[in-house]
Amino acid sequence: MNTHLFLDSAVGNGGRTQRRVIVCAGTGCVANGAYQIIKAFNEQIAAAGISITTEFKTEPSSHDLRLNKSGCQGFCQMGPLVTILPDEILYNKVKVKDVEEIVRETLVGGKVVDRLLYVDPATRRHCRGINDIPFYQQQQRHVLKECGVLDPDSIEEYVHHGGYDGAKKAILTMSPEEVVQEILKSGLRGRGGGGFPTGRKWEAARTQPSAKKYVICNADEGDPGAFMNRSVMEGNPHSVLEGLMIAARAIGADETLIYVRTEYPLAVARMKRAVEEAQKLGFLGENAFGSGMPLNCEVMEGAGAFVCGEETAMIASIEGQRGMPRPKPPFPAQSGLWGKPTVINNVETLAHAVRVINQGWETFRKLGSKASPGTKTFALTGHVANTGLIEVPFGTTLREVVLNIGGGITDRRGKVKADAFKAVQIGGPSGGCLTQAHLDLPLDYDSLRSVGAMVGSGGLVAMNEKTCMVSIARFFMDFTQRESCGKCVLCREGTRQLLSLLDDIIEGRATSGTLDLMEKLAVAVQKGSLCGLGKTAPNPVLSTLRYFRHEYDEHVLHKHCATGQCKALAKPHIDPAKCKGCMVCGKKCPVGAITGDRKQAHTIDQTKCIVCGACADACKLEAVVGV
């Protein structure tokens with residue numbers, strides 16, 4: 001698979017290779033001190049007497065060292081990340097105190113600092129760069145390819161590497177019909193969750209008889225554990241803006257808008273700068289690319305309501321109303337913002353549209369499956385060795401994503417354990433759970449829908465065997481209940497009652513009729529809610545009931561939570577076959593609930609135990625179970 005991301009980005013027009021130091025400045029790395037690391041590099045490089053530039057040059061001097069930030073490089077767990085080109089060295093978990101050594105040993109001495117390289121846990125091998133790291137080797141990064149290389153604030157660098165060629169081509173040499181046909185032939189489907197064919201949406205708006213039309217970029221990513229759209233906006237904002245311009249040409253719109261949730265300040269800042277720079281160069285404005293076509297863009301911050309990710313609720317929010325959905329039809333393509341035909345696409349969809357116009361629909365369809373062409377980004381989090389942002393073709397199996405790219409499932413101590421896999425929640429609160437039986441299921445829109453799950457925006461949370469699936473269902477139900485706009489009775493009251501029933505189960509109050517009632521109510525909410533939030537809110541409950549019914553039965557009928565996560569039902573005990581009587585657990589117990597002589601199996605007094613888990617954390621033999 002492809003991961004050769006960097007070499008072409010270090011070459012200028014003259015073919016000379018410029019040495020570069022690239023510091024990841026995505027949100028995760030910024031939080032861990034990326035800007036301080038950039039400052040330290042500036043100081044240490046200058047102290048070493050090396051000529052340094054922070055600006056992009058189309059004809060770089062071979063003697064100049066360029067220092068620049070990038071967006072998210074994907075391997076979030078290993079940040080802050082520092083890439084050195086053309087050496088193809090990737091240093092991970094870099095701290096300010098490491099910068100002086102990197103400058104001395106690598107930039108001056110030409111040596112690799114081994115201790116800062118990624119160590120593959122499976123082979124204990126030091127990996128020099130991304131082409132050696134399994135996390136990257138098994139991906140095919142296209143939308144994310146340049147996010148970890150280009151300076152997101154440099155429109156010159158984006159243009160130098162082919163940026164805005166697609167928009168220029170669409171506006172200057174293609175008719176709206178031709179643009180739409182190219183997207184239709186590509187089979188591009190919306191990456192925001194529903195998977196609706198993008199070309200059909202554009203065609204519906206294009207054929208509407210209206211002098212005024214709009215295109216909106218839906219950047220209101222709100223799923224717990226999802227950060228794909230944020231990372232694309234932070235790392236390659238011009239690709240999003242270019243996709244927006246192509247969509248505008250396709251439907252005949254002269255105004256576009258990017259709706260970003262206000263909790264994404266870095267993405268907001270970089271998108272606003274991208275718009276300003278595009279306006280300065282004449283790509284946007286009253287005469288886009290000198291075509292005579294007016295094209296403007298505004299970046300708007302949303303108020304953070306999850307429901308505003310739904311198209312009609314987003315439109316209401318933009319118009320200054322409370323963010324609540326309305327019945328469809330009419331669809332936004334017929335009557336959207338201010339009653340005018342409107343196309344709404346998410347960040348990743350627009351970035352893919354750029355690839356389609358630049359490379360042609362035939363090239364785009366070479367990846368992915370027949371019904372779901374192209375690639376998809378996923379935010380891989382949870383009990384997995386390698387967390388981060390990944391991109392794979394549709395049709396890639398869950399096994400490849402979690403066990404290969406993700407490096408396997410980890411136990412409570414963070415160590416990879418062969419038999420620890422329990423489930424994956426895919427699609428966020430709107431999605432569902434996949435189990436071991438689904439490890440070889442190809443990930444695409446149709447296959448996931450067939451098992452009661454969905455791609456969603458791309459959040460993917462891996463869980464080990466110590467995860468209580470009832471608690472997981474409650475977590476997502478609590479989220480959707482809080483985020484319900486309250487317009488539909490079934491959504492507003494149904495999610496509240498579902499949450500109450502789940503509380504009864506995990507607190508030991510449920511009866512034999514609770515599960516049947518909960519299942520009936522979930523189906524009713526699913527069928528009767530107005531928008532996608534309510535219709536998909538019961539998915540985590542229904543999918544966990546479907547695949548983990550035995551856990552629900554154990555909670556309800558036996559009043560026991562085997563994982564110990566439901567404190568009211570936890571019954572921690574010590575397995576005498578594993579206990580060696582080391583007495584470590586007894587010393588860690590804050591309430592003195594553990595007794596036993598040295599080299600003899602210990603016991604836990606259930607009347608004293610507060611289920612804090614300190615004993616299980618301390619026991620290296622894993623003799624403490626049920627907590």
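The residues in region 432-447 that are in contact with a strand residue (DSSP E or B) (Cβ under 6 Å, 6 or more places away or on another chain) and part of a loop (DSSP other than H, G, I, E, B) can be counted, and the count is 1. Condition test on Met271, is it buried (at least 16 other Cβ atoms within 10 Å of the Cβ) and under 18 Å from Leu350 (Cβ atoms)? Yes; evaluated as a whole, the condition is true for this residue. Looking only at residues of region 281-300 that are closer than 20 Å to Asp165 by Cβ and part of a strand (DSSP E or B), we find that the one that is farthest from the chain's Cα centre (by Cα) is Gly285.
Gly395 meets the conditions (1) closer than 17 Å to Ser457 by Cα; (2) of a type outside the set (Val, Ile, Thr); (3) outside the structural domain of Leu448 (by TED's automatic domain parsing); (4) surrounded by fewer than 23 Cβ atoms within 10 Å (Cβ to Cβ) in every case but one. The failed one is (3). A single entry from Thr123, Thr83, Thr106 fulfils the requirement of being at pLDDT below 95 and at negative phi: Thr123. Put simply, of Leu443, Leu439 the only residue that is touching a helix residue (DSSP H, G or I) at 6+ places or on another chain (Cβ under 8 Å), farther than 19 Å from Gly192 by Cα and among the aliphatic types (A, V, I, L, M) is Leu439.
Residue-by-condition table, conditions (1) over 30 Å from Leu350 (Cβ atoms); (2) in the same structural domain as Lys280 (by TED's automatic domain parsing); (3) of a type in the set (A, V, I, L, M):
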site	(1), (2), (3)
Lys97	yes, no, no
Val108	yes, no, yes
Val113	yes, no, yes
Asp120	yes, no, no
Arg125	yes, no, no
Arg141	no, no, no
Gly148	no, no, no
His161	no, yes, no
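All of Gly452, Gly456, Gly395 fail the test of being under 23 Å from Phe75 (Cα atoms) and either part of a strand (DSSP E or B) or in contact with a helix residue (DSSP H, G or I) (Cβ under 8 Å, 6 or more places away or on another chain) (or both), apart from Gly456.
Considering only region 165-174, I want to know if a residue exists there that is in contact (Cβ under 8 Å) with a residue 40 or more places away in the chain, of a type in the set (Gly, Ala, Ser) and surrounded by fewer than 21 Cβ atoms within 10 Å (Cβ to Cβ). Checked against the condition, which is being in contact (Cβ under 8 Å) with a residue 40 or more places away in the chain, of a type in the set (Gly, Ala, Ser) and surrounded by fewer than 21 Cβ atoms within 10 Å (Cβ to Cβ), region 165-174 yields no hits at all. If you check Asp605, Asp553, Asp575 for being closer than 23 Å to Leu434 by Cα and free of Cβ contacts under 8 Å to residues at least 60 places away in the same chain, only one passes: Asp553. Within region 178-189, the set of residues being surrounded by fewer than 20 Cβ atoms within 10 Å (Cβ to Cβ) and either part of a loop (DSSP other than H, G, I, E, B) or among the acidic types (Asp, Glu) (or both) comprises Glu178 only. Helices (runs of 4 or more DSSP H) fully within region 192-280 that include at least 2 residues being among the hydrophobic types (A, V, I, L, M, F, W, C) and touching a Ser or Thr at 6+ places or on another chain (Cβ under 6 Å): 237-251. For region 529-542, the count of residues that are assigned to a helix (DSSP H, G or I), surrounded by fewer than 24 Cβ atoms within 10 Å (Cβ to Cβ), small (Gly, Ala, Ser) and free of Cβ contacts under 8 Å to residues at least 60 places away in the same chain is zero.
Number of residues in region 28-75 that are in a helix (DSSP H, G or I), aliphatic (A, V, I, L, M) and touching a strand residue (DSSP E or B) at 6+ places or on another chain (Cβ under 6 Å) equals 4.
Rundown of residues vs (1) surrounded by 24 or more Cβ atoms within 10 Å (Cβ to Cβ); (2) more than 24 Å from Tyr35 (Cα to Cα); (3) under 22 Å from the mean Cα position of the chain (by Cα), yes/no style:
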site	(1), (2), (3)
Leu244	yes, yes, yes
Ala247	yes, yes, no
Glu263	no, no, yes
Gln279	no, yes, no
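I'm trying to understand the selection: among the residues of region 398-419, which are assigned to a loop (DSSP other than H, G, I, E, B) and crowded, with 20+ Cβ neighbours inside 10 Å? Scanning region 398-419 gives Gly406, Gly407, Gly408.
The values are calculated or read from the model by the stated rules, or taken from the named source; none is laboratory data. These numbers come from a predicted model, not from an experiment. Neighbour counts are summed over all protein chains in view; Cβ atoms, including those assigned to glycine, are modelled from backbone coordinates with ideal geometry.
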